[in-house]
Amino acid sequence: MTLEKIGRNSPCPCGSQKKYKHCCLLKKIETAKVESETELKVPETLITQWFSTALQSHQSGHLSQAITLYRQIIQNHPRHSEALHLLGVALHQAGQVDQVLELITQAIQLKPSFYMYNNLGNILRDRKRYDEAISQYQQAIALNPDYAEAYNNLAVALQENNRRSDALGYFEKAIALNSQYAEAYGNLANLLKAQHKLPEAVVQYQKAIALKPNYADFYNNLGATLNSMKRFEEAMVQYQKAIALKPDFADAHCNLAHILKRLKKIAPAIFHYQQALLLKPGHEEALGALFYARQYCCDWTDYFEHKTQVIRAIQQGQDGYKPLSFLGVSASAQEQQQCAALFGQRHYPRLGTYPKGVLKKKSDKLRLAYVSGDFREHAVSILMVELFELHDRDRFEIMAISLQPSTTTSLGLRVVQAFDQFIDATAKSDEEVAALIKDLDIDIAIDLMGFTAQSRTAIFSYQPAPIQVNYLGYPGTMGLEYMDYIIADPYCVPTQYQDYYTEKVVYLPDCYQVNDSKRLQPTQIPTRTDMGLKETGFVFCSFNGSYKVTPVFFEIWMRLLKAVPDSTLWLLADNDLVEEHLKAEALKRQVDPERLVFAKKVFYQEYLARYPVADLFLDTLPFNAGTTASDALWVGLPVLTCSGEAFASRMAGSLLHALDLPELVTDSLDAYEAMAVKLATQPDLLAALRAKLSRNRQSQSLFDTPRFCRHIEAAYLTMWKKHQRGEAPESFSVEPIS
């Protein structure tokens with residue numbers, strides 16, 4: 001528990017969970033006799049009267065009046081331990097931090113009691129002085145071994161101090177002592193959720209709700225757990241219940257908005273983000289999430305002002321913005337590192353340390369564990385499956401730690417069969433997955449998710465492997481000290497920006513991105529009519545996610561349509577509002593909205609078959625195309641990009657350099673626009689580039705998977721040799737292998 005404002009239905013000021021009017025401890029306080037009448041400056045009866053009035057004021061929330069009376073009592077009776085104790089409690093509740101610890105400590109010295117130790121522990125825990133708080137709770141338990149509240153609070157302190165496994169037994173003890181202790185069930189559920197024991201957490205939240213059905217926090221936390229289980233509709237119901245009980249619950253409005261956005265109900269999501277900000281101005285999470293939701297549907301209301309607020313919040317150390325979304329906000333490598341570090345430190349603090357020294361290996365082979373929830377129909381598997389197949393089994397043992405169940409699609413089955421061991425760890429907690437990685441004697445653990453959706457970064461916070469690598473899934477630094485390396489290339493991470501990557505940078509010689517050279521080419525190419533396009537005229541396309549489209553680039557695209565008569569812009573409609581908003585934006589710029597054509601999401605092979613219909617792919621900044629760019633290039637569509645400073649701003653440029661197509665890489669908006677016009681109005685130039693792309697797909701490195709495999713294996717071996725020599729991770733380059 002925390003020390004809360006005292007009301008009629010609130011816990012007693014003494015620290016007991018019992019309600020004020022029923023608290024036996026408080027009755028003892030009210031009738032307590034003065035220890036030494038010789039200290040009194042006024043009659044004992046008057047002190048008793050003052051104390052009773054102070055308690056009533058404290059109970060009703062009139063803290064200033066209670067504080068005045070407690071001070072008056074102490075002035076006339078300096079050894080009144082209960083007045084000293086409750087003055088400290090009241091000052092803490094009023095946010096007046098001076099003297100709080102001194103007052104309660106003095107009270108304990110005069111007349112130690114278990115509830116005083118408990119309250120002192122709560123105050124220390126609020127100040128994040130966890131070791132001291134834990135000691136106070138232990139003192140309370142020593143004085144009263146049946147004090148359920150102290151066991152609960154001790155468990156909360158242990159959990160907040162990242163000692164989750166130690167906390168479990170104390171929550172269970174609190175519940176054993178008081179089976180009606182709703183808060184203990186709720187806190188136990190919070191712990192289970194943090195351990196990714198989601199079904200067990202749901203059961204405990206339901207028990208808490210049954211005991212205390214009017215407590216909004218339980219519904220909010222249950223909603224968050226159901227959300228993590230992808231039971232989105234059920235989660236939405238729980239958030240709505242929380243809001244019904246507590247209409248000013250800003251966090252519940254924000255969480256409900258998250259679910260609505262996931263369900264592509266964008267307009268109501270935006271409404272609830274706005275409600276969260278109205279109720280709690282500056283709400284860190286809602287501020288960034290509202291901006292992202294508007295980006296997602298291309299609603300650019302107050303875009304530049306809102307963007308500035310988000311960036312300023314990161315610069316000021318607020319950690320509410322999700323790093324993946326922030327890649328589409330700022331092109332600054334430094335700001336992206338700040339965002340990732342703030343997010344990671346809050347949500348994924350280090351929970352363990354790999355043993356120092358070089359341990360003897362159980363196997364001569366280097367054991368690699370690829371950790372992901374995307375071993376299915378997902379971009380990561382589409383790109384990586386051949387690499388898994390090609391790894392040299394004489395030198396490496398390859399394992400998959402799957403965080404989602406495998407699928408029976410052709411790609412899903414191919415991925416499963418590519419590994420020496422494919423382990424479904426979906427039902428395991430983060431700590432259990434980390435223990436599994438240790439038990440498997442993994443030498444290098446590769447996180448293929450980073451800060452993407454449904455990632456489980458906490459697994460790596462236990463530091464289960466001697467070497468931990470950030471690769472592919474998240475195109476940027478994770479800002480976490482326990483991630484040793486990031487796989488990149490000299491174009492994606494120029495050496496002058498290396499300091500903005502918390503991981504040490506491993507430079508592959510060609511391109512950071514692996515590709516599956518066995519991907520099928522589309523066999524049935526649709527006609528323009530099939531796609532809703534005109535049969536004539538130039539077709540610009542951009543199938544990047546709608547959240548990557550910014551007003552700056554849309555402005556350029558509209559100028560391109562004006563500069564290239566009879567041209568069309570072909571876009572992806574991530575949600576129902578994208579088309580409505582972008583057509584309205586086109587009209588504002590005096591462009592016929594009918595020149596914008598929108599494609600719906602379809603299965604991968606059907607999606608690939610669209611690209612040959614277009615003439616030129618237009619990339620975005622600050623968040624480039626990654627897999628989308630390689631898809632377009634794979635089927636022969638030229639990609640025009642503009643590179644920025646950070647990894648995510650240089651992905652497409654890296655791919656194009658690996659194909660020896662630097663002429664499609666620009667470094668300014670003016671150059672990007674000029675090149676687009678040039679390609680759209682000079683058919684011979686575009687045809688020559690298409691022919692070059694066709695040749696280079698076969699001869700250059702981007703789609704040479706065996707070559708990539710040799711390079712990344714050399715990187716793994718170098719990492720391991722450094723570790724074996726007892727060296728700290730450091731950036732290095734892999735020499736090209738012919």
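The values are calculated or read from the model by the stated rules, or taken from the named source; none is laboratory data. The structure presented is a predicted model; accordingly, all values stated were derived computationally and were not measured. Note that we place each Cβ from the backbone using ideal geometry, even for glycine, and neighbour counts take in every protein chain shown. When the accessible area is computed, the model is the full protein with side chains, heavy atoms only, and any ligands, DNA or RNA have been set aside. Shrake-Rupley method; radii C 1.70, N 1.55, O 1.52, S 1.80 Å.
Between 0 and 90 degrees, rounded to the nearest ten: what's the tilt of helix 430-439 against the longest Cα principal axis of the chain? Between the helix axis and the principal axis of the chain, the angle is about 70 degrees. Label separation (Gln682 vs Ser410): 4.1 nm, computed from points 7 Å beyond Cα along the C-beta direction. Summarising the overall dimensions of region 254-298 from its C-alpha atoms, the Rg and Dmax are 9.2, 26 angstrom. Angle of helix 114-126 to the longest C-alpha principal axis of the chain, folded into 0 to 90 degrees and rounded to 10: 30°.
The accessible area of Leu290, taken with all protein chains in place and a 1.4 Å probe, comes to roughly 10 Å². Length gained on full extension, Glu594 to Ile525, computed as 0.36 nm times the residue gap minus the Cα-Cα distance: 22.5 nm.
Average accessible surface for region 308-406: 42 Å² per residue, computed with a 1.4 Å probe over protein heavy atoms with every protein chain in place.
Remark: spin-label model distance Glu735-Lys128 equals 4.7 nm, labels positioned 7 Å along the Cα→Cβ axis. Legend: distances between Cα atoms for Lys428/Lys600; Lys230/Lys518; Lys548/Lys601; pairs beyond 24 Å are Lys428/Lys600; Lys230/Lys518. Among Gln605, Leu561, Pro551, pick out the residue whose Cα is farthest towards the positive end of the charge dipole of region 518-615, where Lys and Arg carry +1 and Asp and Glu carry -1 on C-beta, about the Cα centre. The residue sitting farthest along the positive end of the dipole is Gln605. Electrostatic tally near Phe304: other residues with Cβ closer than 15 Å to its Cβ, Lys and Arg +1, Asp and Glu -1, net -2.
Restriction of the trypsin sites (Lys or Arg not before Pro) in region 654-726 to DSSP coil positions whose beta-carbon has at most 12 other beta-carbons within 10 angstrom yields Arg725. Residues within the reach of a label modelled at Val42 (point 7 angstrom out along Cα to beta-carbon, backbone nitrogen below 12 Å), restricted to region 70-91, are 70-77. What does the C-alpha gyration tensor say about the overall shape of region 103-149? Classify as rounded when a/c is under 1.5, otherwise prolate if a/b is larger than b/c, or oblate. Oblate shape, in that a/c is at least 1.5 and b/c is the bigger or equal ratio.
The Rg/Rh ratio for the chain is 1.05, where Rg is the radius of gyration of the alpha carbons and Rh is the Kirkwood radius.
Solvent-accessible area of Thr666, all protein chains in place: 10 Å² (probe radius 1.4 Å, heavy atoms, ligands and nucleic acids excluded). Protein heavy-atom accessible surface, 1.4 Å probe, per residue over region 443-520: 24 Å². Net charge in the neighbourhood of Ala267 (other residues with Cβ under 15 Å of its Cβ; Lys, Arg +1, Asp, Glu -1) is 0. Just flag the trypsin sites (Lys or Arg not before Pro) in region 473-558 sitting in loop per DSSP whose Cβ has no more than 12 other Cβ atoms within 10 Å. Here the trypsin sites (Lys or Arg not before Pro) that fit, given the DSSP loop and packing criteria, are Lys518. Measuring nothing but protein heavy atoms, the accessible surface of the chain at 1.4 Å probe radius is 49 percent carbon and sulfur. On the beta carbon distance between Arg725 and Glu481, with R0 = 22 Å, the FRET formula returns roughly 0.60.
Between 0 and 90 degrees, the angle of helix 284-296 with respect to the longest Cα principal axis of the chain falls at about 20 degrees. Simple spin-label estimate for Lys212 and Ala435 gives 3.0 nm between the two label positions (7 Å along the Cα-to-Cβ direction from each Cα). Of the residues Arg367, Arg79, ranked by 1.4 Å probe accessible area with the largest first, the sequence reads Arg79, Arg367. Taking amide H atoms as placed 1.01 Å from N in the peptide plane, the amide H of Phe422 lies under 5 Å from those of Ala400, each 5 or more residues away in sequence or on another chain. In sequence order, region 143-149 has phi-based couplings of 6, 9, x, 9, 8, 4, 4 Hz under the Karplus curve 6.51 cos²θ - 1.76 cosθ + 1.60, θ = phi - 60°, and Gly or Pro positions carry x. Only helical runs count toward this figure. For the chain, summing -39,500 (n - 2.57) over DSSP H runs of n ≥ 4 and dividing by all residues gives -15500 deg cm²/dmol at 222 nm. Taking one quarter of the surface of the C-alpha convex hull of region 143-247 gives a mean projected area of 6.6 nm². Working from Cα pairs under 8 Å separated by at least six residues, relative contact order for the chain is 8 percent. Shape of region 312-415 from its Cα gyration tensor (a ≥ b ≥ c, root eigenvalues): rounded if a/c is under 1.5, otherwise prolate when a/b > b/c, or oblate? Oblate, because a/c is 1.5 or more while a/b does not exceed b/c. Across every direction, the projection of the convex hull enclosing the Cα atoms of region 222-325 has a mean area of 6.3 nm². In this structure the amide hydrogen of Glu397, modeled in the peptide plane, comes within under 5 Å of the amide hydrogens of Leu366, Arg367, Leu368, none closer than 5 places in sequence on its chain. Look at the alpha carbon pairs under 8 Å that are at least 6 residues apart: their mean separation over the length of region 461-567 gives a relative contact order of 18 percent. For region 598-738, the solvent-accessible area with a 1.4 angstrom probe is 38 square angstrom per residue.
For region 594-738, the spread of Cα positions along the three principal axes, ordered from largest to smallest, is 63, 32, 31 Å. With 28 Å as the limit, the listed pairs Lys365/Lys504; Lys173/Lys197; Lys128/Lys241; Lys264/Lys583; Lys111/Lys193 have Lys128/Lys241; Lys111/Lys193 beyond it between alpha carbons.
Once you list every other residue whose beta carbon is under 11 Å from the beta carbon of Ile134, what net charge do they have if Lys and Arg are +1 and Asp and Glu are -1? Within the 11 Å Cβ shell, the charges total -1. Amide H contacts of Ala599 (H built 1.01 Å from N, in plane; Pro and chain starts excluded): Leu571, Leu572, Ala573 sit under 5 Å, all sequence-distant by 5 or more or on other chains. Under the combined filter of DSSP loop state and at most 15 neighbouring Cβ atoms within 10 Å, region 456-561 retains these GluC sites (Glu not before Pro): Glu481, Glu535.
Phi-derived couplings, Karplus 6.51 cos²θ - 1.76 cosθ + 1.60 at θ = phi - 60°, listed residue by residue for region 327-336: 4, x, 9, 10, 8, 7, 4, 5, 5, 5 Hz, with x used for Gly and Pro. Along region 585-599 the Karplus relation, 6.51 cos²θ - 1.76 cosθ + 1.60 evaluated at θ = phi - 60°, assigns HN-Hα couplings of 5, 4, 4, 4, 9, 6, 10, 4, x, 5, 7, 9, 10, 10, 9 Hz to successive residues, with x for each Gly and Pro. Extension gain, Ala563-Ala453: 0.36 nm per intervening residue step, less the Cα-Cα distance, totals 35.7 nm.
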